[in-house]
1. Add +1 for every Lys or Arg and -1 for every Asp or Glu among the other residues with Cβ under 13 Å from the Cβ of residue 32, and state the total.
2. Along the charge dipole of segment 1-112, Cβ charges K/R +1 and D/E -1, which of 9, 44, 61 sits furthest on the positive end?
3. I need the shape label for segment 113-228. Rule: rounded when a/c is under 1.5, else prolate if a/b > b/c, else oblate, with a, b, c from the alpha carbon gyration tensor.
4. What does the charge add up to near residue 158, with Lys and Arg as +1, Asp and Glu as -1, over the other residues with Cβ less than 13 Å from its Cβ?
5. Taking the Cβ of residue 43 as the center, what net charge do the other residues with Cβ under 15 Å away carry, scoring Lys and Arg +1 and Asp and Glu -1?
6. Kirkwood Rh over alpha-carbon pairs of the chain, then Stokes-Einstein at 4 °C and 1.567 mPa s: what D in µm² s⁻¹, rounded to an integer?
7. Just to be sure I understand the rule: take each whole DSSP H helix in the chain, project its Cα atoms onto its long axis, keep it if the span is 15 Å or more and its mean Kyte-Doolittle hydropathy is at least 1.0. Which ones pass?
8. Would you work out the charge dipole size for segment 1-82 about its Cα centre, treating the Cβ of every Lys and Arg as +1 and the Cβ of every Asp and Glu as -1, and quote it to the nearest 20 debye?
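Read-outs throughout are calculated quantities, based only on the coordinates presented, and are distinct from any laboratory measurement. No experiment lies behind these values; they were computed from the predicted model shown. Cβ coordinates were reconstructed from backbone atoms using ideal geometry, including for glycine residues, and neighbour counts include every protein chain displayed.
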Amino acid sequence: MDKRSLQAATKSLPIPEIFFYEEVDSTNERALAMLADDMPEFTLLVAERQTAGRGRMGRKWSTTPGGSLAFSVVLHPQGEEIQNLGFFSLLGALAICLAIEQVCPLQPKVKWPNDVLLQEKKTAGILTETTFLGGHLAGVVVGLGINLLRASVPPPDMVMFPATCVSEFCPHLPQREAFLAMILEGLIAWRRRILSQDFMDAYRKRMAFIGQPVRLIPPAAGEIEGELLGVDERGQLVLKVKADEVQVFPVGDVKLREADQSWPASPMP
Ligand code: BTN
């Protein structure tokens, strides 16, 4: 993979500029740093290797050269979108699901808000970050990390949730550049309709654990158990905690697990 092969694969898409790194600290970090320079919407940053790739909740994210995809997309929310920045995390997960659906016989699912699962194992994650400059939103960076080949799957003792890769279930995985372009195509198409009912419905349809008992671990509270009902129109998780009580949780640092899954006492790297 190089800048030229990425340009060729994405030539039909409205990508204003591609930054390709053989090695970089983190594509999200680079994108956030560049936001001050007025980077246009859909600017793309792709890395073969990240030395300080990061995941949600302060975790590390490892990228296997040749075996995974690690990239960030710059977006500029406007108007009402700014009140719904959580939607941009859901957008990344939806785009990955749509691409997998085109090449895999298996239906991917999203563990709210944005872990993409294949047979209940994580194959991709999204980290959405924002920067404010002079009190104004400078932009949103949606960072996507996808395990494609077996070599990219972290060992079980390094992860909080069972992990897998796309090729495990997709015998005919396209070239990485082509797969990246498929993800971008979905991301760009749905980004334009991010406030629509159709967007939320498309996301909802792919949610994992609907109707099942789950555990939530919000950052400042203990565990909460309930039946997962879905997401509301703001992308918040809706949980039935008692027969007559429903609670909602905003997109943030909330951890979600199936109720019967073990939960490590302390976070691992
Ligand atoms: C998670 O599941 O915790 C989110 C992982 C996000 C990883 C991607 S890889 C590209 C981009 N750059 C980063 O440093 N992180 C995101």
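1. My count for the surroundings of residue 32 gives -2.
2. Going by the Cα projections, it comes out as 61.
3. Rounded shape, in that the Cα axes give a/c under 1.5.
4. +2
5. Local net charge: -3.
6. Reported coefficient: 69 µm²/s.
7. 87-103
8. It works out to roughly 400 debye.
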